[in-house]
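See structure below.
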Amino acid sequence: MDKKASGQPFPLTLLLVTYTGLIAFFILIYFSSQWMDFEIEKFTADPITTFDSHPFVGVVSNLGALIWCATASVLFFSYILLKNKLKGRSASFLLWSGLLTSLLLFDDLFMFHDYLALWHLNMEQYQVYLIYLILALTWFIKFFDEIISNDLLIFLLAGFFLGLSVVGDFILPQEGIAYMFEDAFKFFGIVTWAIYFIRASLYRYNKMNLAPS
């Protein structure tokens, strides 16, 4: 293949792997629709169009998912960029923090603890939260030194807001102003989580650049 103006070779292998993955993804969509007895077009269509909803339905939830995704992307990119340069557990911290953030994104985007776990895996909401708590505590203990190395207060604020959201999920009515407060706590937590981990990634990048060669 001819090289582009950038001097990089045409990424044939990358495209083949990517398109193979996409084909597998849509095959999975088809079989999932059969398994769940769910119209296949509802997997691919926009929810607002499908259910004839107002464009602002779920705007806060959608923004939250975008922020989760942006945070995970920053962490994964930082890991790829710095994995051969950082010492100790710093690189692993970025990777596993990205995976944890991706898990929270998956839960929030697909309402895993609210719906999927209950109706398709026969798991109660508290059981899902317990699994998340064990995973989070394992991550926290493993990377405690990394977590407290910068902006610990911001991290604690993120945990505080997300914790309030979980408590609200159990005790607050799921409607009206009370429901808004629960979602507001979660959104504050997501934004604060993003601030902490983006700053943590930047801190490690700057530390690497400032380190004597």
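Quick note: the coordinates plus some simple rules give every number you see, no bench work behind them. Everything numeric in this text was worked out from a predicted model, so none of it was measured. Every residue, glycine as well, gets a Cβ built from its backbone with ideal geometry; the counts of neighbours run over all protein chains shown.
Values for this structure:
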quantity	calculated
Sorted by Cβ neighbour density within 10 Å, fewest at the top, the residues TRP139, TRP68, TRP96	TRP139, TRP96, TRP68
Binned Cα-Cα distance frequencies in the chain - 10 Å width, integer %	7, 25, 30, 25, 11, 2, 0
Span-like helix ranges in the chain, DSSP H, alpha carbon extent 27 angstrom or more, Kyte mean at least -0.5	12-35, 59-82, 90-109, 152-171, 176-210
Using a Förster distance of 35 Å, the FRET efficiency for GLU39-THR138 (Cβ separation, nearest 0.05)	0.35
Value of [θ]222 nm, deg cm²/dmol, for the chain, DSSP H segments ≥ 4, -39500 (n - 2.57) each, nearest 500	-24500 deg cm²/dmol
Long-range Cα-Cα pairs in segment 1-118 (distance over 17 Å), rounded percent	74 percent
Gyration tensor (alpha-carbon) shape descriptor, segment 1-55, a/c threshold 1.5	oblate
Extension gain, ALA178 back to TYR203 (0.36 nm per residue minus Cα-Cα distance, nm)	5.3 nm
Inter-label distance for GLN125 and LYS83, nm, one decimal - labels placed 7 Å from Cα along Cα-to-Cβ	3.8 nm
Neighbour-count ranking [beta-carbon atoms within 10 angstrom, fewest first] of SER97, SER90	SER90, SER97
Net length gained if the chain between TYR30 and ASP145 were fully extended (0.36 nm per residue, minus Cα distance)	36.9 nm
Three-way shape label, segment 138-201, alpha-carbon gyration tensor, a/c 1.5	prolate
Model label zone, VAL57; criterion: amide N under 18 Å from point 7 Å along Cα-to-beta-carbon; scope segment 14-40	39-40
Long-range lysine pairs (8 or more apart or interchain), the chain, Cα under 30 Å	13
